[in-house]
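The values are calculated or read from the model by the stated rules, or taken from the named source; none is laboratory data. These figures come from a predicted structure and were not determined experimentally. Please note: Cβ atoms are built from the backbone with ideal geometry, for glycine as well, and neighbour counts cover all protein chains shown. With ligands, DNA and RNA removed, areas are computed over all heavy atoms of the protein, side chains included. Shrake-Rupley method; radii C 1.70, N 1.55, O 1.52, S 1.80 Å.
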Amino acid sequence: MRLLRRSVLPLLLGPVLAGVPLARGRAQTAAPAAGAVAAEPAGLVYVLNSGEANILVLDAATREEVRRIPVLREVHHLALTPKGDLLLIGDSGANEMLFLNPKTGEVVKREALSNPYHLGFSPDGAFLVITSLRRDQVDIYGWDGAALSLLGRLKLPDMPSHMAFSPDSKIVYVTLQGTRALTAISMETRQPLWSVDVGPQPAGVIWHEGKLLVGIMGSDNVAVVDPATQLVERRIKVGRGAHAVFPGPARDGKPGLLYVTSRVDSRISVLDPASLDVVKVLDVPGGPDCVSFDPQGRLWVTQRWLGRIALVDPETGTVESQRVGRSPHGILFEPGAAVTPVAAQASATAPAAAPVGVVAPAAAAPV
């Protein structure tokens, strides 16, 4: 019975929280009516429902479902190719990578890869690095613009989580949730260079103005690491469950604000990019996890514990929330032309028993 109550509680809280006032004068409302979104930027929003084995694709302007792509097990993170012509989504539980057309949401191909949890391309576009949270490994792939080739596999205990690159693409920095460590790996030798204790359960990491900013998920802060000295030179208190740091859009050619999600305290802390001081706190219920930005500078946020996503206005703090699927994790706003929602497609061209826009997994895809 105790487990049942725990599992049902987020489902009960979702619709309740969607209409209650939030702290600091911010209010959460339902998604706007279709007639109120004429000025919304065109594009698609990809939501990875890790607890529901699917990828939800929304029309960004109307928030309506365009398609829902079944996956084999559990999707968590995604990355655009350097040219932006493909969107890679890792199905970590199924040992499979999906390649999508980011402008349409159509699946181009599926490829067997070992436990693709977090992934990212190097700044020079030559490499893709994949961390394997479950298999304690980091894989380095070459990328020629069309295909991946495995160049090296490094065993790294315990629980390689997120990664970031140095601007010159020579080093990749990986957080290890099980050993409190941030590790630097040479892209030339594919071997560790150094490791430093940054705190319990380090998660997201980014390179920012010569420093590494690491979300300390087992605590309440962001660790600021100097890669030259390999020392934690500062801690920025942001809230319990500090998960990841997301750079906002640039302002007047300068770095944009930084947004830090804290899943336990359900908030997003806004940091000044120069001083790294907290300048604002946005209250987002339900364990805010990953963030993507639209052309208006608004935040699209996965609410991990509520099965919802939130659209957050960083100026007013207004939160608009809608149901998407169980345990949404990664999210991406992809600018582009609007695509006909799946409901309209089905009513116009497909029988009720076979809605258009749902792509089934390839039967022959290895796992």
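Quick look at the values:
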quantity	calculated
Odd one out for SER275, checked against (1) in contact (Cβ under 8 Å) with a residue 12 or more places away in the chain; (2) part of a loop (DSSP other than H, G, I, E, B)	(1)
Residue check, VAL232 open to solvent by 30 Å² or more (accessible area, probe 1.4 Å), among the aliphatic types (A, V, I, L, M) and either under 12 Å from ALA164 (Cβ atoms) or more than 19 Å from the chain's Cα centre (by Cα) (or both)	yes
Any chance PRO157 is more than 16 Å from HIS118 (Cα to Cα), open to solvent by 10 Å² or more (accessible area, probe 1.4 Å) and either part of a strand (DSSP E or B) or touching a residue at least 12 places away in the same chain (Cβ under 8 Å) (or both)	no
All positions within region 249-258 that are open to solvent by 10 Å² or more (accessible area, probe 1.4 Å) and either among the small types (Gly, Ala, Ser) or assigned to a strand (DSSP E or B) (or both)	ALA250, ARG251, GLY253, LYS254
Test result for GLY210, more than 22 Å from the chain's Cα centre (by Cα), open to solvent by 10 Å² or more (accessible area, probe 1.4 Å) and of a type in the set (Gly, Ala, Ser)	yes
Residue satisfying all of: in region 213-229; open to solvent by 10 Å² or more (accessible area, probe 1.4 Å) and assigned to a strand (DSSP E or B); farthest from ARG304 (Cα to Cα) among these	ASP226
Qualifying positions in region 134-148 - surrounded by 17 or more Cβ atoms within 10 Å (Cβ to Cβ) and part of a loop (DSSP other than H, G, I, E, B)	ARG135, ASP136
Qualifying strands (runs of 3 or more DSSP E) (wholly inside region 294-337; at least 3 residues being under 18 Å from VAL270 (Cβ atoms))	299-303, 308-312
Filtered residues of region 292-329 (kept if polar (S, T, N, Q) and either more than 19 Å from GLY90 (Cα to Cα) or open to solvent by less than 30 Å² (accessible area, probe 1.4 Å) (or both))	SER292, GLN296, THR302, GLN303, THR316, THR318, SER321, GLN322
Evaluation of PRO70 against (1) under 22 Å from ARG326 (Cβ atoms); (2) at pLDDT 90 or above; (3) buried (at least 21 other Cβ atoms within 10 Å of the Cβ); (4) not charged (D, E, K, R) (one fails), failing number	(3)
LYS109 being open to solvent by 20 Å² or more (accessible area, probe 1.4 Å), basic (Lys, Arg) and not in a loop (DSSP other than H, G, I, E, B)	yes
